[in-house]
Structure formats: structure tokens, C-alpha cells
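Got a structure for you, written out below as C-alpha cells; questions coming shortly.
The values are calculated or read from the model by the stated rules, or taken from the named source; none is laboratory data. Worth saying up front: this structure is predicted, and the values here are computed from it rather than measured. Methodologically, a virtual Cβ is constructed for each residue, glycine included, from the backbone with ideal geometry; neighbour enumeration extends over all protein chains shown.
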């Protein structure tokens, strides 16, 4: 897996690298659950097959990726992602370094069962 959990509301034009956010509108995404999976993060040859250009859209849209990200949640607003829940997720980078997480506008208040700490740092599952 390159990005085990990757949710985004921001899309990038692969030709120009410009963000595509029509009228700053956001679709409400709610009640997503990810549970009970394990795996290895493809850290050394990342790619999900969706890149049509170089650099890839996710490297333009999410700078400074370490390719150790177990979770990436990128919401347009702090209220556009609600009631996301993660449980029993165990994924590790190939280099046996701690997995990380990136959360943009994904608040704990709107996602009380998010299931991990380290919203922008080390991914630490919570019980």
C-alpha cells in the first residue's frame, strides 16, 4: 500500500499543479469507518497508479510527504469531514520506522471516534 487511508477533498490539476476547488464548495463526507486491516506501507517505490505527470499530483498537493503516512485526511473545511472512525489499523513503513498521519481540517470535535492521536505527526492508534 502506498497510502493505506487517503481521503481528500482537494484535487490538483496534474498539468499545472493548481488546486481545483470549485467555488470553495465542499461535499459533506460523514460516517466513514476503516477497521481491521494490517499491512506494509510502500515507502521505497510509492505510487498508486493514478499519476499522469511528474511530479505526481499527491506530491504537489501534499508537500513534504515521507511516504510513511498510514493516514492522510484532507478536508476543505473543519466541518466537511464528520464522524470518521478508525479501529484496529496496524500498518508500518518498509523501513520499520513509525507510521505517520496528516490531517488537514479534520477536527477531533467532529470526529470523536477517529481512533488515533498524532493528527500531524506519528500515527498512534488509540484504544
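Residues that are farther than 27 Å from residue 27 by Cα: find the strands (runs of 3 or more DSSP E) completely inside the stretch 38-127 holding 1 or more of those.
Those strands (runs of 3 or more DSSP E) span 85-93, 120-122.
So which residues in the stretch 65-77 are surrounded by fewer than 16 Cβ atoms within 10 Å (Cβ to Cβ) and under 23 Å from residue 125 (Cβ atoms)? So that I can check it myself, show each step before the final result.
Pass one, the stretch 65-77, residues surrounded by fewer than 16 Cβ atoms within 10 Å (Cβ to Cβ): 66, 77.
Selection gives 66 alone.
Of the conditions (1) under 14 Å from the mean Cα position of the chain (by Cα); (2) surrounded by 13 or more Cβ atoms within 10 Å (Cβ to Cβ), residue 98 satisfies every one except a single condition; which number is it?
Result: residue 98 fails condition (1) only.
Which residue out of 50, 16, 10, 80 is modelled with pLDDT under 75, under 22 Å from residue 108 (Cβ atoms) and either surrounded by fewer than 12 Cβ atoms within 10 Å (Cβ to Cβ) or in contact with a strand residue (DSSP E or B) (Cβ under 7 Å, 6 or more places away or on another chain) (or both)?
Matching residue, one of 50, 16, 10, 80: 10.
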